Amino acid sequence: MSNINETLKRINELAAKKKAGEELTADELAEKKELYEVYLSFIRGQITSTLDRVQFVDPETGEVTAPKKALENLALEADKDIEQNKPIH
């Protein structure tokens with residue numbers, strides 16, 4: 001499939017056929033599986049792209065941190081709390 005719209009169109013065609021009570025052939029089932037992988041890959045790419053643009057802003061300092069770094073910092077704080085036997089949030 002050359003673009004996501006064509007992929008979705010074909011997924012919907014196969015779904016309509018199945019919903020109408022027709023059995024999908026082995027080739028159609030394989031195609032459906034491949035189409036879903038293409039679609040899910042597209043969605044994952046969109047989500048990743050969106051999350052890559054997210055930034056966390058510390059309300060106290062105004063410091064801007066990328067999500068990956070913010071999560072790393074949170075993990076380090078949790079590790080320190082565990083070492084000091086403090087309850088975690």
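Below is a table of values for the structure above.
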{"read-out": "Single match in GLY62, GLY45 (criterion: of a type outside the set (Phe, Trp, Tyr) and either under 30 Å from ASN12 (Cβ atoms) or modelled with pLDDT under 80 (or both))", "value": "GLY45"}
{"read-out": "Flag for GLU31 being modelled with pLDDT of 85 or more and either part of a helix (DSSP H, G or I) or within 27 Å of the chain's Cα centre (by Cα) (or both)", "value": "yes"}
{"read-out": "Residues (of a type in the set (S, T, N, Q) and not in a helix (DSSP H, G or I)) located in segment 1-28", "value": "SER2, ASN3, THR25"}
{"read-out": "Among (1) under 30 Å from LEU74 (Cβ atoms); (2) assigned to a helix (DSSP H, G or I) - the single one VAL54 does not satisfy", "value": "(2)"}
{"read-out": "Pairs where the first residue, in segment 42-56, is without any contact (Cβ under 8 Å) to a residue 60 or more places away in the chain and the second is outside any helix (DSSP H, G or I) and of a type outside the set (Gly, Ala, Ser), C-beta under 6 Å, 6+ apart", "value": "GLN55/VAL64; PHE56/THR65"}
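The values are calculated or read from the model by the stated rules, or taken from the named source; none is laboratory data. Please read these numbers as outputs of a predicted model, since none were measured by experiment. Counting neighbours? That spans all protein chains shown, and the Cβs are built from the backbone with ideal geometry, glycine included.
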